[in-house]
Amino acid sequence: MLRIEAVDAGYGRAQVLRRFSLEVAAGEVLCLLGRNGAGKTTLMRAIMGHLPLMGGAIRLEGVELSALPPHEVPRQGVGYVPQGRRLFGDLTVAQNLAIGLMARGQGEETREWVLGLFPRLRERLGQRARTLSGGEQQMLATARALCLRPRLLLMDEPTEGLQPSMIEAIRQVVARMRDEGVGILLVEQRIDAVLAIADRVAFIENGRGGEVVPAEQLRRDHALVERYLGV
Amino acid sequence: MEFGPYLMLATLEGAVSAAVLALTAVGLSLVFGVMRVVNVAHGEFFMLGAVVAWTVAHWLGGHPALGFALALVVAPVAVGGLAAVADWLVLKRIGYDPERTIVATIGLLYIIQQGALMGFGPEARPVEPPFNTRLALPWIEWGEEGLRLVWPWGLATTSYKLFVILAAAAVLLGVWALMARSRAGLVMQATREDREMALAFAIPVGRVYAGVFGLGAGLAALAAVLIVPIQQAHYLMGGDPLLLSFIVVIIGGLGSLPGTVLAAVLIGLTDGIVSVFFSPTLAKILATLLVAMVLVFRPQGLFGSTAR
């Protein structure tokens, strides 16, 4: 589904990703693990077209995303839940969802489906996004991305700073999306969260791709975790 | 004339200034709010609006209302289109960097101004108002028989001045509806809040910026078309509207449309009243002092939010 081929990317002259390659299949949760500054968020931004590539290519089912203008990437069915949520804080919950729905011309049916996944948002539709609790903001960030009916979902540390009940709610939604055939690339720092949801785990170190292993291998192979994460 | 009627007359004059200023300043505020661009060339788009109005009226001839009505459409569209092209040619190329856009719009200011001088000439040129009926205004006086309506000599306005106030109010209402009630407004608000996330939700930010820059310039041009039958078109007429718009936008709160309109009414009325009773220079001094006080005591302006 998603093929990242020998991608070089960075900020100005500072190269962060170095010939990074990875594949994510449809209906798979692939978790990207790495230390702070390893290049995880840079990879997400490169996929979304927010950073121009210095080399390599990114393809989604044969379409070269890296050749498209950034605003065309979501139209290919790429949903993005960024680190820190980055909601449109002055807009209401309903308006944030409307922005998501507009991206791929989705309508009332999708809106109802998303609100069915996050019933708490239905009670907050008229509330400004910045006034929501942290957990509700994460729900909204996820719901807004799901409004695109994505084929590929990019989630950058979605459980950061959330209480266990919220983490579980997000996990359930991720599992449901996977079951519906959505490919999910998840950046996560918490090993327990990774183990609870991931099918495969890819490591990234200093912008270079590391091993890609089945998630169960993480339980057994502590040396792997220690090598890449230092924990 | 006694003080009361005189004050009413000054207030009416101030209301005309306020209406035109509000339109001009809302354009500047929109551009800053959505694009974070301080458009120093905004006054020149105002001037171009007046020049286009004169050109259209002069070229069409016939009844003044014909030329004026056509100018009301042509000037905002032409000037807005020119601004959108300038956005694409200049601002987009420098990545909307805040410092470089200031320098770039200063460059635009001189190009437009000198272009107008070459094409339009140095003379001030009048545009006839489409209608200009003198309307005597009543005043209520307390006499021996109680309250009575009087018609003091000199207390009058024109139908055109009332039209300017009403037209500006209608356009401002339209801008509010566009921002608060339309899909385009939602897109502009999202772009204003987070450009990168707007892109992540398929909003073509480049086109939104070109549209907003064009809309801002178009509003300035429309304001100029409204005022040019009262003021005359001149290639240097962009300076005052630019200064006053900056004053209004700073007082109202950068990027805040309600704040901008309120500040425009405040500054416009003060300008009108002080100019009539004292001098236009004192009015400008007071406005500048007010800006200084706002910057010291409430830097975010009346309606602006603090940096997040």
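In sequence order, region A:66-78 has phi-based couplings of 5, 9, 8, x, x, 6, 8, 4, x, 5, 7, x, 9 Hz under the Karplus curve 6.51 cos²θ - 1.76 cosθ + 1.60, θ = phi - 60°, and Gly or Pro positions carry x. Under the combined filter of DSSP loop state and at most 10 neighbouring Cβ atoms within 10 Å, region A:1-50 retains these trypsin sites (Lys or Arg not before Pro): A:Arg13.
Computed over region A:59-181, the percent of Cα pairs more than 21 Å apart is 35. DSSP assigns beta bridges within chain A; of those with both partners inside it, close to 55 percent run antiparallel.
In region B:168-308, the portion of solvent-accessible area held by carbon and sulfur atoms comes to 70 percent [1.4 Å probe, whole percent, DNA, RNA and ligands not counted].
Within the straight-line cut-off of under 16 Å between alpha carbons, the aspartates and glutamates reachable from A:Lys40 are A:Glu5, A:Asp8, A:Glu23, A:Asp156, A:Glu157, A:Glu160, A:Glu188, A:Glu205, A:Glu211, sequence neighbours fewer than 8 places apart in one chain being disregarded. Per residue, region B:80-171 exposes 62 Å² of accessible surface when a 1.4 Å probe is rolled over the protein heavy atoms with every protein chain present.
If you sort the three axes of the alpha carbon gyration tensor as a ≥ b ≥ c, you get a/c of 1.5 or more for region B:3-297 and a/b above b/c, which makes it prolate.
Between the Cα long axis of helix B:98-120 and the first principal axis of chain B there is an angle of about 60°, rounded to the nearest 10. Shape call for region B:1-96 from the C-alpha gyration tensor, a ≥ b ≥ c root eigenvalues: rounded (a/c under 1.5), prolate (a/b greater than b/c) or oblate? Oblate, because a/c is 1.5 or more while a/b does not exceed b/c.
Within the shell of other residues whose beta carbon sits under 10 angstrom from the beta carbon of B:Met197, the net charge comes to +1, with Lys and Arg scored +1 and Asp and Glu -1. Take every Cα pair under 8 Å whose residues are at least 6 apart in sequence, average their separation, divide by the length of region A:1-64, and the relative contact order is 46 percent. When chain A is treated as a Gaussian network with alpha carbon springs shorter than 10 Å, the biggest mean-square fluctuation among A:Gly39, A:Gly183, A:Gly161 belongs to A:Gly161.
Which GluC sites (Glu not before Pro) does region A:96-136 hold that lie in a coil by DSSP with at most 11 other beta carbons within 10 Å? All intermediate terms of the calculation are to be shown ahead of the outcome.
Working: sites: A:Glu108, A:Glu109, A:Glu112, A:Glu123, A:Glu136; in loops: A:Glu123.
Answer in residue order: A:Glu123.
Both chains summed, the buried accessible area for B and A stands near 2000 Å², from protein heavy atoms and a 1.4 Å probe. Helix B:183-193 versus the longest principal axis of chain B: what angle, 0 to 90°, nearest 10, using Cα atoms? Once rounded, the angle reads 70 degrees. Of the beta bridges in the protein assembly as shown, as assigned by DSSP with both residues counted there, near 65 percent are antiparallel.
Summing charges over all other residues whose Cβ lies under 12 Å from the Cβ of A:Thr131, with Lys and Arg as +1 and Asp and Glu as -1, gives +1.
Using the Kirkwood formula on the Cα atoms of region B:44-174, what hydrodynamic radius do you get, in angstrom to one decimal?
Details: mean 1/r = 0.0547 Å⁻¹.
Final number for the Kirkwood radius of region B:44-174 is 18.3 Å.
For Cα pairs less than 8 Å apart in space and 6+ apart in sequence, what is the mean separation divided by the residue count of chain A, i.e. the relative contact order in percent? Value for chain A: 29 percent.
Fully extending the segment from B:Ala177 to B:Trp88, taken as 0.36 nm per residue of separation minus the present Cα-Cα distance, adds 29.4 nm. Compute the distance from the alpha-carbon center of region A:162-223 to that of region B:1-71, in whole Å. Result: 59 Å between the Cα centres. Taking amide H as placed 1.01 Å from N in the peptide plane, A:Cys31 has its amide H under 5 Å from the amide H of A:Leu186, A:Asp199, A:Arg200, A:Val201, A:Ala202, each at least 5 places away in sequence or on another chain. For chain B, the relative contact order comes to 36 percent (Cα pairs under 8 Å, sequence separation of at least 6).
Normalised Debye scattering of the protein assembly as shown at q = 0.07, 0.09 Å⁻¹ gives log10 I(q)/I(0) of -0.52, -0.76, counting only Cα atoms as equal scatterers and leaving out solvent.
For A:Leu51, the residues whose amide H sits under 5 Å from its own are A:Ala46, ignoring neighbours fewer than 5 places away on the same chain, with H placed 1.01 Å from N. Provide a list, ordered by number, of residues in region A:77-97 showing at least 50 Å² less accessible area with every protein chain present than when their chain is taken on its own, using a 1.4 Å probe. For region A:77-97, once contacts with the other chains are taken into account, A:Arg86, A:Phe88, A:Asp90, A:Leu91 lose 50 Å² or more. Against chain B, whose longest principal axis is taken from its Cα atoms, helix B:280-297 shows a tilt of about 50°.
Hydrophobic long helices, here whole DSSP H runs in chain A with Kyte-Doolittle means of at least -1.0 and Cα atoms spread over 15 Å or more along the helix axis, are found at A:93-103, A:134-146, A:164-179.
The values are calculated or read from the model by the stated rules, or taken from the named source; none is laboratory data. Model, not experiment: these values are computed from the prediction. Quick reminder, even Gly has a Cβ in these numbers, built from the backbone with ideal geometry, and neighbours come from all protein chains shown. Please note that ligands, DNA and RNA were not included when accessible areas were found on the heavy atoms of the full protein model with its side chains. Shrake-Rupley method; radii C 1.70, N 1.55, O 1.52, S 1.80 Å.
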